[in-house]
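Please read the structure below before turning to the comments.
The values are calculated or read from the model by the stated rules, or taken from the named source; none is laboratory data. Here the structure is a predicted model, which means the values were calculated and not measured. Cβ placement follows ideal geometry from the backbone for every residue including glycine, while neighbour counts extend to all protein chains displayed. Each accessible area value is taken on the protein alone, full model and side chains, heavy atoms only, with ligands, DNA and RNA left out. Shrake-Rupley method; radii C 1.70, N 1.55, O 1.52, S 1.80 Å.
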Amino acid sequence: MCRFAIILSRFNEHIGSKLLEGAKATLLRAEISEKNIDIIYVPGAFEIPLAAKKLAATKKYDAIIALGCVIRGGTIHFEQICQQAASGIQQVALETGVPVTFGIIMANTAEQALERAGGSLGNRGDEAARAAIEMTQLGF
Ligand code: INI
């Protein structure tokens, strides 16, 4: 039985919680039992890569699902967080060989984010969970 870790950034928690719901529902629908799903909270998306690296190093998980929501403000903070989170996550996957899937919404507004967190444009948490399941099925 595969084991999954979900890392969730607490920033923009009202949106993140919907991503978590989507990811968990998808894993449970795929008959992954709750005891094989660990949920780890971090302060913000910027902290996700380090958490993913530490979790991958435990060798307990077949795949890691990264969830969070970054909303554009008026400064370049947004670009920095998005870029570091995305490239950090990819780097962890490439360096450790443990798939880390990307369920972080990067949006201009809260409305855009909500549309992608169980609204009219799907749920990025569900998509990241499906990608994680598929990667384990490929034997990665
Ligand atoms: N973290 C997020 O996950 N989303 C955001 O929208 C966000 N904004 O807007 O600032 C954010 N900032 C915190 C950042 O990820 C770190 O936790 C913080 O800089 C401490 O390292």
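Select from segment 9-29 the residues that are within 13 Å of the ligand (Cβ to nearest atom) and under 15 Å from PHE102 (Cβ atoms) and list them in ascending order.
Within segment 9-29, SER9, GLY16, LEU19 qualify.
Quick check on my filter: what residues within segment 63-77 are touching a strand residue (DSSP E or B) at 6+ places or on another chain (Cβ under 6 Å) and near the ligand (Cβ under 8 Å from one of its atoms)? Talk me through it step by step, then tell me what you get.
Filtering segment 63-77 for residues touching a strand residue (DSSP E or B) at 6+ places or on another chain (Cβ under 6 Å) gives 63-71.
GLY68, CYS69, VAL70, ILE71 - these are the residues of segment 63-77 that are touching a strand residue (DSSP E or B) at 6+ places or on another chain (Cβ under 6 Å) and near the ligand (Cβ under 8 Å from one of its atoms).
Could you check segment 5-48 and list, in sequence order, the residues that are among the aromatic types (Phe, Trp, Tyr) and either outside any strand (DSSP E or B) or buried (at least 24 other Cβ atoms within 10 Å of the Cβ) (or both)?
Across segment 5-48, the qualifying residues are PHE11, PHE46.
Can you pull out every residue in segment 73-96 that is of a type in the set (A, V, I, L, M) and in contact with a Leu (Cβ under 9 Å, 6 or more places away or on another chain)?
The answer is VAL92, and nothing else.
Residue check, ALA52 against (1) without any contact (Cβ under 8 Å) to a residue 12 or more places away in the chain; (2) more than 25 Å from GLU111 (Cβ to Cβ), all met but one. Which one?
Looking at each condition in turn, ALA52 falls short on (1).
Inspect all residues belonging to segment 105-122 and state whether any of them is open to solvent by less than 70 Å² (accessible area, probe 1.4 Å) and within 18 Å of ASN36 (Cβ to Cβ).
For segment 105-122, residues open to solvent by less than 70 Å² (accessible area, probe 1.4 Å) and within 18 Å of ASN36 (Cβ to Cβ): absent.
If you go through segment 42-62, how many residues are in contact with an Asp or Glu (Cβ under 9 Å, 6 or more places away or on another chain) and away from the ligand (no atom under 16 Å from the Cβ)?
4
Test of understanding: among VAL92, VAL70, VAL98, which residue is at pLDDT 95 or above, in a strand (DSSP E or B) and more than 11 Å from the chain's Cα centre (by Cα)?
Working: VAL92 fails: in a strand (DSSP E or B); VAL98 fails: in a strand (DSSP E or B).
Criteria check complete, one pass: VAL70.
Show the residue pairs meeting these rules: Cβ distance below 9 Å; 6+ apart or different chains; first residue within segment 1-29 and over 20 Å from PRO43 (Cβ atoms); second residue open to solvent by 10 Å² or more (accessible area, probe 1.4 Å) and within 15 Å of the ligand (Cβ to nearest atom).
From segment 1-29, the pairs are GLY22/ARG124.
Has segment 67-86 got any residue that is loosely packed, with under 13 Cβ neighbours inside 10 Å and among the charged types (D, E, K, R)?
Yes, segment 67-86 contains at least one residue that is loosely packed, with under 13 Cβ neighbours inside 10 Å and among the charged types (D, E, K, R).
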